[in-house]
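The values are calculated or read from the model by the stated rules, or taken from the named source; none is laboratory data. No experiment lies behind these values; they were computed from the predicted model shown. Cβ sites come from the backbone with ideal geometry, for glycine too, and all protein chains shown count toward neighbours.
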Amino acid sequence: MIRRAVRALDQRTGAGSILGKALKYVFPDHWTFLFGEIALYSFVILVGTGIYLTLFFEPSTSQVVYHGSYAPLRGQEISKAYESALDLSFNVRAGLLIRQVHHWAALTFVAAIVVHLMRIFFTGAFRKPRDLNYYIGLTMLMLAVLEGYAGYSLLDDLLSGMGLAIGNAVALSIPFVGGQLGTLIWGGRFPGTEAFMSRLFIAHVLLLPVAIGGLMAVHLAMVATPHHTQFRGRGRKETNVVGTPLWPAYALRSLGLFAAVAAVLFALGGLVQINPIWQWGPYEPYLGTNGAQPDWYLGWLIGALRLMPHFDIVVGSYNVVPNPFWGGVLFPLVVFGFLFAWPSIERRWSGDRAQHNLLDRPRDNPRRSAVGAALFTWVATIFFAGSADRAFVQFGVPYEGQLWAYRAASFLLPVLAYLLVKRMCEALRRSEGHPGEGSAPVVVRPAAPQAAGRASPLIDQRPTAGHQARSPHK
Amino acid sequence: MIGRLIRLCRWLWRITIAGVLLWLRRGKEPLPERELPASPRAEKGVAALLVGAGIAGAAFALLYAFDEANTQLLGVAAAVSLGLLAAALIVASHAIVPQETLSEERPRFADPAAEREAKVEDVALRAREGVDGITRRRLLGAAGGAAALGLGAAAAAPLASLGPRVGERLRESPWRDGRPVVDENSRPVLADDLTVGAFLTAFAEGSDKRDLASSLVVVRVRPEELELPPERADWAPQGLLAFSKICTHAQCAISLFRYPLFAERSPGPALVCPCHYSTFDVLKGGVRIFGPAVRPLPQLPLKIEAGRLLAAGPLSGAVGASWGGVEEGS
């Protein structure tokens, strides 16, 4: 039966040998390798639930009087987009469930990408030959943030409108072209014309998802071609890959992970309310609410807008760089710019231009780990500053004091994180302890004294035989 | 001299050790280990999990059809079904199917160096051969660049159809001398409707309320508190002040009015934007006193005719967020 199917396929496509290889394709096992898979499966669920939602959602700003089933809003003038989202939530069977699963999946998608990025960074998986794929991953992260923003901006409730107002201000703040760009995208001055809603819709349901999906396909192909990286261990070398074959164990495990991700997202979507748009009410440019927060992945930008002191660059009487540029454009450009530049910075620092298929543990490269910790601490501090208004509204912590504390912290904490992580990595390297690791990699230590003092700190000083033979380290 | 000799010996020793280790490890690949862990117990367990997943899935369909599609119950049914499926697959992958660890050679991208280098050289050579016999490469290159530039411009130009020309659009405003101020229900705003400390959202009569430049905040303070600049001395009759409702930082609506109930110990009256807490001093004509905004809140000069509030002129500056080219201080 199976044989006949394979034969039929092989005779028509010649895919027999590829199939044979694919079934024996080896995946190295480590729990940290699962974050990328979680992101992938979240994306699959996003596409599935998203297609369902487009069947009911109407991307239109034309105004109608609400007569639906949510009593407090009856008689109000609202947009068709908001009305269709309300109907989807109240009148379509399972509509609210699917909408909430979609929203939770979006939050999970970006979160999984960020954790995956940290894994890649701290284990040195971005090194040659995988640096190109690392750039693709970073691009997908940027697109994912944009996609999420476009998604929750479509609903035309109060929060989405406030988010768009800020987005428009950030677009306007781009030097020289901002005024034109903002007017062009919105079809006029904010809040823009009907055309803007359809542009946002097409971006959210077609342009961005297709871009992300396409890049994801390339990303996976570029993971598969050189095989996945692996940590050091018995029998593991730069030139081989040791692990579980695709069929049967790995395929079952991965499908199991897919089902588990879906289970968690459906549990969240069913039981934990998210973005109850009927409570916010419709958006009008003259309405606002205190303590409004965006989805979590925009928190770092809100924090940056809050922390930036109030200055523009003014030449003569003309404003060249308005304030929202610093937090809304420059800050993310600096963070992503640094992440994009890191592989080449590290190559230059360490002089290590070799191919690497074996991963570092974070301690193996104290300087990289310290730099990464400093960067993520910096972004996290600014991210938390984004919630200063909630701390003020909810707990009465004085806002101005918080702002100054966060400003100081955004300078101090990264330095502390750098020093702390560097020390910790070096101490761990010296002691060679393996906290929480059962299967410690075998460390081969030649009897000859190591030239530890002179070696660059970026160079792994625990050569296994295979590693040493291949490394061009001086 | 001796130091160098010692260093040389060290290197020789290291290379020997490495060589010996390599030789010892030769052929000691971890052999594919294969275990068959399947047991009747594990198989029954997985079967039970799968049946459970099927039952929960069917429950989802039944809840959808008969129970008014309760969101919580649907979510739980789907989650239980998927969770049991996940458990079944993961248990099966560990306790039923053959467990094996394989080792596979990686494709080599850089090694052996010579072979790869030859390929790179081959491709480069082939690419270079494509332009053999051409004498005026620079000319052709420049002409190609010109073509790309022109075609690029042609391809990009239609993008401009997306939006209207900016021109003065970002400065448009319905406010002129004599324009009546109306409330949310388009009724005229009467001066006597506002008490000291009051805060009202208002609009230009006959304008689109969604127009960014139309919406105002009208507040009332005691006239003797006012510290307006001299040229605005008559802009706030009876202590009534009007400002654009749109924050000059990121164009959220100014929806908070701080009016001190005990002036001696509190900061003065101010308008606060809820988005990033830009704060504008009401008494001084909307200058920024806190937060990331830079430009002051545009003020609208007011006059009172027959008890009704009217604009006495245009707004004092551009409404909404600053853009490259907006005049500072306006």
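Could you run through the range A:1-57 and say how many residues are outside any helix (DSSP H, G or I), touching a residue at least 60 places away in the same chain (Cβ under 8 Å) and under 26 Å from A:ALA81 (Cβ atoms)?
1
Being facing chain B (nearest Cβ under 7 Å) and touching a Phe, Trp or Tyr at 6+ places or on another chain (Cβ under 8 Å): is that true of A:GLY269 here?
Values: facing chain B (nearest Cβ under 7 Å): yes; touching a Phe, Trp or Tyr at 6+ places or on another chain (Cβ under 8 Å): yes.
Taking the combined requirement at face value, the residue satisfies it.
I'd like to verify a number: residues in the range B:213-255 that are closer than 16 Å to B:LEU194 by Cα and not basic (Lys, Arg), how many?
Qualifying residue count for the region: 14.
From the residues in the range B:169-189 that are crowded, with 16+ Cβ neighbours inside 10 Å and out of contact with any strand residue (DSSP E or B) (no Cβ under 7 Å at 6 or more places or on another chain), which one is farthest from A:GLY178 (Cα to Cα)?
Looking at the filtered set, the residue picked out is B:SER173.
When only residues in the range B:277-316 that are without any contact (Cβ under 8 Å) to a residue 40 or more places away in the chain and touching a Ser or Thr at 6+ places or on another chain (Cβ under 6 Å) count, which is nearest to B:TRP175 (Cα to Cα)?
B:ILE289
Within the set of pairs 6 or more residues apart or between chains, which connect a residue that is under 16 Å from B:HIS249 (Cα atoms) inside the range A:308-333 to a residue that is assigned to a helix (DSSP H, G or I) and among the aromatic types (Phe, Trp, Tyr) with Cβ atoms less than 8 Å apart?
Cβ pairs passing all conditions: A:MET308/A:TRP326.
Would you tally the residues in the range B:31-57 being farther than 23 Å from A:ALA263 by Cβ, of a type in the set (Lys, Arg) and in a helix (DSSP H, G or I)?
So the count comes out to 1.
If the Cβ limit is 7 Å and pairs must be 6+ apart or interchain, which residue in the range B:93-105 that is in contact (Cβ under 8 Å) with a residue 60 or more places away in the chain pairs with which residue that is polar (S, T, N, Q) and not in a loop (DSSP other than H, G, I, E, B)?
Once the first residue is in contact (Cβ under 8 Å) with a residue 60 or more places away in the chain and sits in the range B:93-105, its partners that are polar (S, T, N, Q) and not in a loop (DSSP other than H, G, I, E, B) give B:THR101/A:THR244; B:SER103/A:ASN240.
Taking the conditions exactly as written (farther than 30 Å from B:PHE262 by Cβ, touching a Leu at 6+ places or on another chain (Cβ under 9 Å) and among the aliphatic types (A, V, I, L, M)), does B:LEU125 satisfy them or not? Quick ask: steps written out before the conclusion?
Working: farther than 30 Å from B:PHE262 by Cβ: yes; touching a Leu at 6+ places or on another chain (Cβ under 9 Å): no; among the aliphatic types (A, V, I, L, M): yes.
The answer is no for B:LEU125.
Kindly provide the set of residues from the range A:225-249 that are more than 7 Å from chain B (Cβ to nearest Cβ), basic (Lys, Arg) and out of contact with any helix residue (DSSP H, G or I) (no Cβ under 6 Å at 6 or more places or on another chain), ordered by number.
A:ARG232, A:ARG236
Just to check your reading of the model, which residue among A:LEU96, A:LEU107 is out of contact with any Asp or Glu (no Cβ under 9 Å at 6 or more places or on another chain), closer than 22 Å to B:THR71 by Cβ and not small (Gly, Ala, Ser)? Reasoning before the result, please.
Working: A:LEU107 fails: out of contact with any Asp or Glu (no Cβ under 9 Å at 6 or more places or on another chain).
Going through A:LEU96, A:LEU107 in turn, just one is out of contact with any Asp or Glu (no Cβ under 9 Å at 6 or more places or on another chain), closer than 22 Å to B:THR71 by Cβ and not small (Gly, Ala, Ser): A:LEU96.
Could you grab the pairs with beta carbons closer than 8 Å, sequence gap of 6+ or different chains, first residue in the range B:201-215 and more than 8 Å from chain A (Cβ to nearest Cβ) and farther than 11 Å from B:SER186 by Cα, second one of a type in the set (D, E, K, R) and assigned to a strand (DSSP E or B)?
Listed by first residue and then by second, the contacts come to nothing, as the list is empty.
Tally the residues that are more than 7 Å from chain B (Cβ to nearest Cβ), free of Cβ contacts under 8 Å to residues at least 60 places away in the same chain, of a type in the set (Gly, Ala, Ser) and over 21 Å from B:CYS247 (Cβ atoms), restricting the search to the range A:160-217.
Of the residues in that region, 4 qualify.
Does A:GLN76 satisfy being surrounded by 24 or more Cβ atoms within 10 Å (Cβ to Cβ) and in contact (Cβ under 8 Å) with a residue 12 or more places away in the chain? It would help to see each step written out before you state the result.
Working: surrounded by 24 or more Cβ atoms within 10 Å (Cβ to Cβ): no; in contact (Cβ under 8 Å) with a residue 12 or more places away in the chain: yes.
So A:GLN76 does not fit the description; no.
Taking B:ASP193, is it away from chain A (no Cβ under 14 Å), of a type in the set (Asp, Glu) and free of Cβ contacts under 8 Å to residues at least 24 places away in the same chain?
On the way: away from chain A (no Cβ under 14 Å): yes; of a type in the set (Asp, Glu): yes; free of Cβ contacts under 8 Å to residues at least 24 places away in the same chain: yes.
Taking the combined requirement at face value, the residue satisfies it.
On the given criteria, is B:LEU283 touching a helix residue (DSSP H, G or I) at 6+ places or on another chain (Cβ under 7 Å), more than 14 Å from chain A (Cβ to nearest Cβ) and crowded, with 22+ Cβ neighbours inside 10 Å?
no
Does B:PRO274 count as surrounded by fewer than 21 Cβ atoms within 10 Å (Cβ to Cβ), in contact (Cβ under 8 Å) with a residue 12 or more places away in the chain and over 30 Å from the mean Cα position of the chain (by Cα)? Talk me through it step by step, then tell me what you get.
Working: surrounded by fewer than 21 Cβ atoms within 10 Å (Cβ to Cβ): yes; in contact (Cβ under 8 Å) with a residue 12 or more places away in the chain: yes; over 30 Å from the mean Cα position of the chain (by Cα): no.
Spelling it out, it is not the case that B:PRO274 is surrounded by fewer than 21 Cβ atoms within 10 Å (Cβ to Cβ), in contact (Cβ under 8 Å) with a residue 12 or more places away in the chain and over 30 Å from the mean Cα position of the chain (by Cα).
Taking the options A:VAL65, A:VAL26, A:VAL92, name whichever one is within 12 Å of another protein chain (Cβ to nearest Cβ), more than 25 Å from the chain's Cα centre (by Cα) and surrounded by fewer than 19 Cβ atoms within 10 Å (Cβ to Cβ).
Numbers: A:VAL65 fails: within 12 Å of another protein chain (Cβ to nearest Cβ); A:VAL26 fails: surrounded by fewer than 19 Cβ atoms within 10 Å (Cβ to Cβ).
Testing whether each residue is within 12 Å of another protein chain (Cβ to nearest Cβ), more than 25 Å from the chain's Cα centre (by Cα) and surrounded by fewer than 19 Cβ atoms within 10 Å (Cβ to Cβ) leaves just A:VAL92.
Select from the range A:277-333 the residues that are acidic (Asp, Glu) and farther than 16 Å from B:THR248 by Cβ and list them in ascending order. Before the answer, list the steps.
Narrowing the range A:277-333 to residues acidic (Asp, Glu): A:284, A:295, A:312.
A:GLU284, A:ASP295, listed by residue number.
Given the residues B:ARG258, B:ARG308, B:ARG288, B:ARG265, which is the only one that is surrounded by fewer than 18 Cβ atoms within 10 Å (Cβ to Cβ), within 31 Å of the chain's Cα centre (by Cα), closer than 24 Å to B:GLY197 by Cβ and not aliphatic (A, V, I, L, M)? Outline the logic, then answer.
On the way: B:ARG308 fails: within 31 Å of the chain's Cα centre (by Cα); B:ARG288 fails: surrounded by fewer than 18 Cβ atoms within 10 Å (Cβ to Cβ); B:ARG265 fails: within 31 Å of the chain's Cα centre (by Cα).
The conditions single out B:ARG258.
Taking the condition of being among the aliphatic types (A, V, I, L, M), more than 10 Å from every other protein chain (Cβ to nearest Cβ) and closer than 15 Å to A:ALA388 by Cα, how many residues in the range A:277-303 meet it? Walk me through it before giving the result.
Step one: of the range A:277-303, the residues among the aliphatic types (A, V, I, L, M) are A:277, A:287, A:292, A:298, A:301-302.
Next, from what is left, pick out any that are more than 10 Å from every other protein chain (Cβ to nearest Cβ): A:277, A:298, A:301.
From what's left, closer than 15 Å to A:ALA388 by Cα: A:298, A:301.
Qualifying residue count for the region: 2.
Starting from the range B:60-86, keep only residues that are facing another protein chain (nearest Cβ under 8 Å) and in a helix (DSSP H, G or I), then list their pairs with residues that are β-branched (Val, Ile, Thr) and crowded, with 22+ Cβ neighbours inside 10 Å whose Cβ atoms are within a distance under 9 Å, requiring at least 6 positions of separation or different chains.
The qualifying pairs are B:GLY75/A:VAL101; B:ALA78/A:VAL101; B:LEU82/A:VAL261; B:ALA86/A:VAL261.
Restricting to the range B:140-191, count the residues that are touching a Ser or Thr at 6+ places or on another chain (Cβ under 7 Å) and modelled with pLDDT of 95 or more.
Here the count works out to 0.
So B:SER322 passes all but one of these: (1) part of a loop (DSSP other than H, G, I, E, B); (2) of a type outside the set (D, E, K, R); (3) in contact with a strand residue (DSSP E or B) (Cβ under 6 Å, 6 or more places away or on another chain); (4) away from chain A (no Cβ under 11 Å). Which condition number does it fail?
Failed condition: (4).
Between B:ALA312, B:ALA306, B:ALA293, which is in contact with a Pro (Cβ under 6 Å, 6 or more places away or on another chain) and of a type in the set (Gly, Ala, Ser)?
Values: B:ALA306 fails: in contact with a Pro (Cβ under 6 Å, 6 or more places away or on another chain); B:ALA293 fails: in contact with a Pro (Cβ under 6 Å, 6 or more places away or on another chain).
Of B:ALA312, B:ALA306, B:ALA293, the one residue that is in contact with a Pro (Cβ under 6 Å, 6 or more places away or on another chain) and of a type in the set (Gly, Ala, Ser) is B:ALA312.
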